[in-house]
Each structure stands twice: as structure tokens, then as C-alpha cells.
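Q: Here it is, the structure, as C-alpha cells.
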Amino acid sequence: MNWQNLPPLSALRAFAAFAETRSVVAAGDALGVSHAAISQQLRALEKHLDVSLVDRRGRSLELTATGVHLAQRLQTGFAGMIQVIEEITGQMDARPVHLSLTPAFAASWLMPRLPKFRDLHPDVDLMIDPSPHLIELGASSIDMAIRYGAGPWQGTESEMLVKSPMVAVAAPSLVGDAPIETLQQLTEYPWLEELGTSESTRWLRRYGVSGFAKGLIQVPGNLMLDGARDGQGVAVSVRKFVERDIVAGRLRILHTADDDVSGYHIVTRPGVLRKSVKHFVNWLRREARDHG
């Protein structure tokens, strides 16, 4: 290893913080320095490497292609360093279990069940991060994720937690009881979609559904199904989340893929999980097995 080729660690750390936050102010807050110090470190790193890492032409700073490449490697490296330090100092054992998942899964499946976990493990703290963005576990402090799809995901270990296909649903008050012959017929109605890239977004792309004659409204995941029940639009959801509404007649299935093998998976980094994460993963397995 040629240590002389390594730029100053302070500059690399400042750049990694900026790449993670995309803001010199937020990066400065994360490292406990001024935003001016972050800007100075970014320029010093570019001068040392003699390459452009940040595009300053627009109103906001953006990473160049070279900057993105370097940021990905640095985030993985720094995340690994932090993890090892937390392991050998015992800090990791006290850190909350950091979970990334979509708002739809959080609202419809996890949150109503969490009191059971709190009763069993009051000593385990949780940090739940509902986000439509796909988080790379190796380049973040997040311990695990719940992801929807067929799996697996490269560089991770995954196992099926809840298997359920996606369905397009709407209230009978909106679509009546006439048969829906094609998906294109559904574009004649208003649509509701979860904000960001979510399960429903991928469904729409898969089946090429677009061109909504009466518009599409994006709402937070916990509000999408409420709107569908009220007849405000067609929505796409995991069938398990709307099963009771279907039985009760509040929602009607308009399309389903019977051959869909997708579902929600527990996704973790390869290797041994820390004790608190193991407790949470084992509880998720039991909850899905016993209560679906």
C-alpha cells in the first residue's frame, strides 16, 4: 500500500460528509466545523488529486462522475471503519437498531405490531427510517432494511419475510362493478401513488401504465390507501395490506399478477449480526410466521 498517494484524511472525511449530505452546511454540522472549512477541504482535495470532484456551475453543488465514484468508495470505507471502531469499543451494542423500509410497509405492517416487540425487548432501541429511497447498507449506518421484490440484492443477505403480490384496487364508489378487461381502462380514473420510488412505482413501470386521463396524485404512503378507500383514486398496494378492505367491500381488486413471486424481504449485510439486530430479526420472523 502506497501511503504517500493518500490525500489528507481530513479532506477525504470532509468530501465523504459532503457527498452523503450534498450540502456543505450539513456536512459541516456533521463534522462539527464551519461550512467554509468544508468548502476549503473540498478544494484542497481537488488540488491534491488534480481532478474535479464537484460541479459548481449551477445554483447548488453537484458531484462530477469522478466525484460520485470516489464518494462511493469512501462511504463504504468510512462506514466499515466506523463499524469496527464501534465494535471494539462497545459503542455498537448500545446503538439503536437502524431500520430502512418503505412508508407503506411501516404504516401497514410494522407499526401496529411494534408494541409486541417493545414488551419482549424493552432494552433494544429502534430507529425506524421510512423512506422510498433504496439505501445501500454497506455505505451507511443502517443495520438492515425491508425491501420489496423478488430478491436477492447484490452484496447483501436476504430472506423472504412476507410474500404477497401487488394488486390494483379502488373503491366500488369510484369504479362500480363493471369488469376491467385491460389495464389501459384504469387510466380513465384518477390515480393515487406513494411519494418517491415505491412498490407502486415499480408496478406501474412493469406494466407500462401511464397517461392518466384524470391525473395522478402523489401522497405519503400512510395516506394512499385512506384516499383509495374514500374513492379518490385507483391505488397499487401489496394484497396483504388491503385484504380486510377487499373482504369488507371497501376496495375492489382490479388487477393482480398471480405469478408474482415478490414480497418483503429482510435484508442485512453479510456476516454476523450484533445482538440487538438479531433480536429484532428473530422477532420479525416469528411475527410473520405466526400472524402473517
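Q: What residue, among those in region 153-184 that are within 24 Å of LEU273 (Cα to Cα) and modelled with pLDDT under 85, is most open to solvent (accessible area, probe 1.4 Å)?
A: By that ranking, first place goes to GLN154.
Q: Picking from ALA65, ALA19, which residue would you name as being within 24 Å of the chain's Cα centre (by Cα) and either touching a residue at least 40 places away in the same chain (Cβ under 8 Å) or open to solvent by less than 30 Å² (accessible area, probe 1.4 Å) (or both)?
A: That would be ALA19, the only listed residue that is within 24 Å of the chain's Cα centre (by Cα) and either touching a residue at least 40 places away in the same chain (Cβ under 8 Å) or open to solvent by less than 30 Å² (accessible area, probe 1.4 Å) (or both).
Q: Quick one: is PHE212 modelled with pLDDT of 80 or more, of a type in the set (Phe, Trp, Tyr) and either closer than 21 Å to MET166 by Cβ or touching a Ser or Thr at 6+ places or on another chain (Cβ under 6 Å) (or both)?
A: yes
Q: Inside region 52-62, can you point out the residues that are more than 24 Å from the chain's Cα centre (by Cα) and open to solvent by 60 Å² or more (accessible area, probe 1.4 Å)?
A: Across region 52-62, the qualifying residues are SER52, ARG56, ARG57, ARG59, SER60.
Q: Residues that are touching a Lys or Arg at 6+ places or on another chain (Cβ under 7 Å) and open to solvent by less than 50 Å² (accessible area, probe 1.4 Å): list the strands (runs of 3 or more DSSP E) wholly contained in region 185-273 that include at least 2 such residues.
A: Filter on region 185-273 gives 263-268.
Q: While we're looking at this one, here's another question. Are any of the residues in region 43-58 modelled with pLDDT under 90, closer than 23 Å to ILE82 by Cβ and basic (Lys, Arg)?
A: No, that holds for no residue.
Q: Let me ask something else about it. What is the residue count in region 1-48 for residues that are under 23 Å from GLU136 (Cβ atoms) and of a type in the set (S, T, N, Q)?
A: 2
The values are calculated or read from the model by the stated rules, or taken from the named source; none is laboratory data. Keep in mind that this is a model prediction, so the values were computed, not measured. For neighbour counting, all protein chains shown are included, and Cβ atoms are generated from backbone atoms with ideal geometry for every residue, glycine included. These accessible areas exclude ligands, DNA and RNA; they are computed on the full protein's heavy atoms, side chains included. Shrake-Rupley method; radii C 1.70, N 1.55, O 1.52, S 1.80 Å.
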